[in-house]
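Okay, so here's the structure we're looking at.
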Amino acid sequence: MMRLLLAFTAAIWLKTPVEAQQVTGGPIQQIEQCVTKIGPDVLTFTFYQPLKSRNQFCEEIPETGPTIIVIDSMQDELRDMTIELRLIKATENIDSEMVWDETSLEAYLPPAKFNTGTLTYEHNFLERGKYIALIRAKDQNGSKEYNATFEFTVGETSTRELITTIFLSISALGGFWLWYRKKFNYAH
């Protein structure tokens with residue numbers, strides 16, 4: 001019976017991290033992307049950490065370190081505009097709202113035109129926490145301007161996975177203990 005408990009606990013430890021960032025798909029793998037509106041248009045975000053994983057991430061980047069950020073626009077309108085990107089380290093105020101100021105600026109990509117509709121930017125995140133991507137799109141004569149924000153976390157996924165795994169392990173041990181105690185008491 002002890003072997004069964006150990007096998008169950010090991011299965012929990014092995015299974016939990018895999019499910020946290022699972023990318024679904026059939027014969028063709030679907031890429032996990034986040035979508036945000038910018039004016040009437042749509043942008044998709046995908047994060048990669050090629051030194052640590054081959055997975056794509058959306059709102060939760062699992063670890064600090066070099067990260068490639070890919071922002072795609074499907075609309076031609078945004079391809080004709082300049083795109084500016086700011087990455088801000090966010091803090092939470094008393095009301096649990098995400099706040100930031102210019103002193104929290106983590107990275108800045110000046111306005112540039114991306115004719116292909118894809119903006120690729122690499123950044124080395126040194127600190128865990130919550131971040132905000134601020135995107136500004138402007139047309140050539142400045143008559144149109146669209147703004148969007150996108151919130152994401154860095155390095156907090158593994159902490160949640162560990163807490164979940166510990167909780168499930170303690171629950172399994174507690175369940176086994178109750179079962180064993182009940183079985184032992186009935187035997188005598």
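The values are calculated or read from the model by the stated rules, or taken from the named source; none is laboratory data. Worth saying up front: this structure is predicted, and the values here are computed from it rather than measured. We place every Cβ from the backbone using ideal geometry, glycine too, and count neighbours over all the protein chains shown. Only protein heavy atoms, including side chains, enter the accessible area calculation; ligands, DNA and RNA are left aside. Shrake-Rupley method; radii C 1.70, N 1.55, O 1.52, S 1.80 Å.
For Glu59, the test of being out of contact with any helix residue (DSSP H, G or I) (no Cβ under 8 Å at 6 or more places or on another chain), within 27 Å of Arg128 (Cα to Cα), modelled with pLDDT under 90 and open to solvent by 60 Å² or more (accessible area, probe 1.4 Å) is passed.
Does Thr64 fit the bill of being under 19 Å from Glu151 (Cα atoms), surrounded by 12 or more Cβ atoms within 10 Å (Cβ to Cβ), of a type in the set (Val, Ile, Thr) and at pLDDT 90 or above? The answer is yes for Thr64. For residues that are open to solvent by 80 Å² or more (accessible area, probe 1.4 Å) and assigned to a loop (DSSP other than H, G, I, E, B), scanning just segment 100-139, find the one that is modelled with the lowest pLDDT. For segment 100-139, the residue satisfying everything is Trp100.
Taking every residue in segment 56-72 that is without any contact (Cβ under 8 Å) to a residue 60 or more places away in the chain and pairing it with any residue that is aromatic (Phe, Trp, Tyr) and surrounded by fewer than 18 Cβ atoms within 10 Å (Cβ to Cβ), at least 6 positions away or on another chain, the pairs with Cβ-Cβ distances below 9 Å are Ile68/Tyr121; Val70/Tyr121. Would you confirm whether or not segment 88-99 contains a residue that is at pLDDT 90 or above and either outside any strand (DSSP E or B) or within 12 Å of Ile135 (Cα to Cα) (or both)? Within segment 88-99 (the criterion being at pLDDT 90 or above and either outside any strand (DSSP E or B) or within 12 Å of Ile135 (Cα to Cα) (or both)), the answer is yes, since at least one residue qualifies.
Taking segment 67-76 on its own, how many of its residues are surrounded by fewer than 18 Cβ atoms within 10 Å (Cβ to Cβ) and either at pLDDT below 90 or under 14 Å from Ile132 (Cβ atoms) (or both)? Qualifying residue count for the region: 3.
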